[in-house]
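The values are calculated or read from the model by the stated rules, or taken from the named source; none is laboratory data. Since the structure is predicted, the reported quantities are computational estimates derived from the model, not experimental observations. Every residue, glycine among them, receives a Cβ derived from its backbone with ideal geometry; neighbour counts consider all protein chains shown.
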Amino acid sequence: MEIARDLDDALSLAAELPEAELLAGGTDLMVEINFGRKRPDAVVAIDRVAELRHLARNGRVRMGAGVTYTMMLEGGHGSAAVWEAARTVGSPQIRNAGTLGGNLGTASPAGDLLPVLAALDATVLLRSAHAERGVAFRDFMTGPKRSVRQPCEIIVGAEWDDAGPAQTFMKVGTRNAMVISVAGLALVVDRARRRVGVGLGSCGPTILGAPEAERFAAGLFDEAGWERPSAPGEAARREFGGLVAGAARPIDDVRGTAAYRRHVVAVMADRAIARVGAIA
Amino acid sequence: MNGLRLFVNGVERRTEVRGGESLMTVLRERLSLPGSKNACEQGECGSCSVLIEGALLCSCLVLAEAARDRDVRTVESLAAGGELHPLQRAFVEAGAVQCGFCTPGLVVAAAALLRDNPEPTELEVREALSGNLCRCTGYGTILEAVRRAAREMYTR
């Protein structure tokens, strides 16, 4: 058990102990340990690494991996969808512990921030003792709880373009607090860059995009004008919902059926484009 | 076994711990502080809530060794000099305690809320206690207890 003092210390520990589990907020790793599913020989705690808690916003947002959900709710990142997703995570206790880096590192298809990172077209920043690389979030996850992170690498943060206020996150669960999503959806309309981004959670082995739906919505904004608020009509909202649901690849599991997930994704997409269309 | 130093309820404590032990286990079984309860061990129920460096956390999700040298406040720190904390008294008076198992975690979570927000709205109280499960009361009397304590603590 090692406690990293700073980022250099964390990186050299990760290089020395490639088999070590990285411990940040503990909300995932400690459950595995408490239930005897993991018994790590080595743990490197990175929760005291101050460099991982930075947050910068200057046209582009750069959020350190150690930023907790509670810190996300304090704002400073300018992303309404990040705020909304953080708001749905767990409880105050969990939000005080869980981090951006932990959500990425666990790489669960149900990770609440992850659809937002997909919709923002975020880049994940990975660093080893020797190099730093950026990986597009859409290439970061390779399967349920699998990612391209190498054992000697630490997720140091993520960055994305400041996309403006027209964005939202929605989640369906069985109650408001302490709930793993049945399905989650993020929609970003970056009016300045004329880009629509969609991210779907709990709807496939990884976080999914919805390219056809994005193209369709971009066409709607081409017609209505990107700079102005607009109210897509019912037929257009339905079609958008159908295209988003068509991109989902859900399964039946303990939290819901595939058919239910497809249904709620269509409903969320319809509501999300109505909500976001009105924001300019 | 490894040595561990913590500052618990203002007192320096040293103990031996096994790798993988949670802070909750160390508090209950090595430091004789059984107020933090062991129920779900996955952060779902809030019964083991403590303050670490002032932040409300589930002690079952804290690796004890990772808390080295940290300031930890448990429910045992609330009653000072044999006097119940206003929240504890309000819980008794409002009938917010039935089996009592969830009570320590709820009192710690409510204390963290009132420290940061002396006049919480009903929704803010519900939100602040959303990580603490009670299977007995239906929560009505718990919300009433927090309202009472807030009145007593801050409206003088």
(request) Taking the residues in the range B:119-153 that are hydrophobic (A, V, I, L, M, F, W, C) and touching a Pro at 6+ places or on another chain (Cβ under 8 Å) as candidates, determine which candidate is nearest to residue B:58 (Cα to Cα). (result) B:128
(request) Please list, ordered by first then second residue, the pairs with beta carbon atoms under 8 Å, 6 or more apart or interchain, first in the range A:41-65 and farther than 22 Å from residue A:29 by Cα and small (Gly, Ala, Ser), second modelled with pLDDT of 95 or more and not in a loop (DSSP other than H, G, I, E, B). (result) A:56/A:62; A:59/A:161
(request) Output the residue which, of all residues in the range B:113-138 that are within 22 Å of residue B:41 (Cα to Cα) and of a type outside the set (S, T, N, Q), is surrounded by the fewest Cβ atoms within 10 Å (Cβ to Cβ). (result) B:135
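Of all residues in the range B:53-97, how many are in contact with a His (Cβ under 8 Å, 6 or more places away or on another chain) and under 30 Å from residue A:69 (Cα atoms)?
Of the residues in the range B:53-97, the ones in contact with a His (Cβ under 8 Å, 6 or more places away or on another chain) are B:78-79.
With the extra rule that they be under 30 Å from residue A:69 (Cα atoms), the set shrinks to B:78.
Looking only at that region, the number is 1.
Considering each residue of the range A:19-75, count those that are part of a loop (DSSP other than H, G, I, E, B), small (Gly, Ala, Ser) and within 14 Å of chain B (Cβ to nearest Cβ), and give that number. Let's see the steps before the verdict.
The initial filter retains those residues of the range A:19-75 that are part of a loop (DSSP other than H, G, I, E, B), namely A:19-20, A:24-28, A:35-42, A:46-49, A:54, A:59, A:65-67, A:74-75.
Filter once more, keeping what is small (Gly, Ala, Ser): A:20, A:24-26, A:36, A:42, A:59, A:65-66, A:75.
From what is left, the residues that are within 14 Å of chain B (Cβ to nearest Cβ) are A:20, A:24-26, A:36, A:42, A:66.
The number of residues fulfilling the criteria is 7.
A quick yes/no check of all residues on (1) loosely packed, with under 14 Cβ neighbours inside 10 Å; (2) not small (Gly, Ala, Ser):
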| position | (1), (2) |
| --- | --- |
| A:206 | no, yes |
| A:209 | no, no |
| A:212 | no, yes |
| A:216 | no, yes |
| A:223 | yes, yes |
| A:226 | no, yes |
| A:257 | yes, yes |
| A:261 | no, yes |
| A:268 | no, yes |
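Please work out which residue is farthest from the chain's Cα centre (by Cα), limiting yourself to the range A:121-131 and to residues that are part of a strand (DSSP E or B) and within 9 Å of residue A:153 (Cβ to Cβ).
Kept after step one, since they are part of a strand (DSSP E or B), are these residues of the range A:121-131: A:123-127.
Those still in the list that are within 9 Å of residue A:153 (Cβ to Cβ) too: A:126-127.
Numbers: A:126: 16, A:127: 19 Å.
Ranking the candidates gives A:127 first.
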(request) State which residue is farthest from residue A:182 (Cα to Cα) when the search covers only the range A:259-280 and only residues that are within 20 Å of the chain's Cα centre (by Cα) and among the β-branched types (Val, Ile, Thr). (result) A:276
(request) Search the range B:26-53 for residues being polar (S, T, N, Q) and buried (at least 21 other Cβ atoms within 10 Å of the Cβ), and hand back the single one that is nearest to the other protein chains (Cβ to nearest Cβ). (result) B:49
(request) Working only within the range A:1-18, note down all residues that are part of a loop (DSSP other than H, G, I, E, B) and either within 12 Å of chain B (Cβ to nearest Cβ) or under 20 Å from residue B:3 (Cα atoms) (or both). (result) A:1, A:4, A:5
(message) Looking only at residues that are under 15 Å from residue A:25 (Cα atoms) and away from chain B (no Cβ under 14 Å) in the range A:76-106, which one is surrounded by the most Cβ atoms within 10 Å (Cβ to Cβ)?
(response) A:100
(message) Residues that are surrounded by fewer than 18 Cβ atoms within 10 Å (Cβ to Cβ) and either touching a Cys at 6+ places or on another chain (Cβ under 7 Å) or aliphatic (A, V, I, L, M) (or both): does the range A:138-145 have at least one?
(response) no
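Being within 9 Å of chain A (Cβ to nearest Cβ) and part of a strand (DSSP E or B) is the requirement here; does residue B:56 meet it? Don't jump to the end; show me each part of the working.
Values: within 9 Å of chain A (Cβ to nearest Cβ): yes; part of a strand (DSSP E or B): yes.
It is true that residue B:56 is within 9 Å of chain A (Cβ to nearest Cβ) and part of a strand (DSSP E or B).
Condition check: away from every other protein chain (no Cβ under 14 Å), touching a Gly at 6+ places or on another chain (Cβ under 6 Å) and assigned to a helix (DSSP H, G or I). Does residue A:118 satisfy that?
Taking the combined requirement at face value, the residue satisfies it.
Do you know which residues across the range A:178-195 are out of contact with any Leu (no Cβ under 9 Å at 6 or more places or on another chain) and on the phi < 0 side of the Ramachandran plot?
Our first condition is that a residue be out of contact with any Leu (no Cβ under 9 Å at 6 or more places or on another chain); within the range A:178-195, this holds for A:179-182, A:187, A:189, A:191-195.
Listed by number, the residues that qualify are A:179, A:180, A:181, A:182, A:187, A:189, A:191, A:192, A:193, A:195.
Residue under question is residue B:117, and the condition is that it be within 14 Å of another protein chain (Cβ to nearest Cβ), polar (S, T, N, Q) and under 23 Å from residue B:40 (Cβ atoms); does it hold?
Numbers: within 14 Å of another protein chain (Cβ to nearest Cβ): yes; polar (S, T, N, Q): yes; under 23 Å from residue B:40 (Cβ atoms): no.
For residue B:117, the condition - within 14 Å of another protein chain (Cβ to nearest Cβ), polar (S, T, N, Q) and under 23 Å from residue B:40 (Cβ atoms) - is not met.
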(request) Examine the range A:91-111 for a residue that is under 22 Å from residue A:269 (Cβ atoms), in contact (Cβ under 8 Å) with a residue 40 or more places away in the chain and not in a loop (DSSP other than H, G, I, E, B), and state whether such a residue exists. (result) no
(request) Answer yes if at least one residue in the range B:4-13 is within 22 Å of residue A:28 (Cβ to Cβ) and either in a loop (DSSP other than H, G, I, E, B) or touching a residue at least 24 places away in the same chain (Cβ under 8 Å) (or both), and no otherwise. (result) no
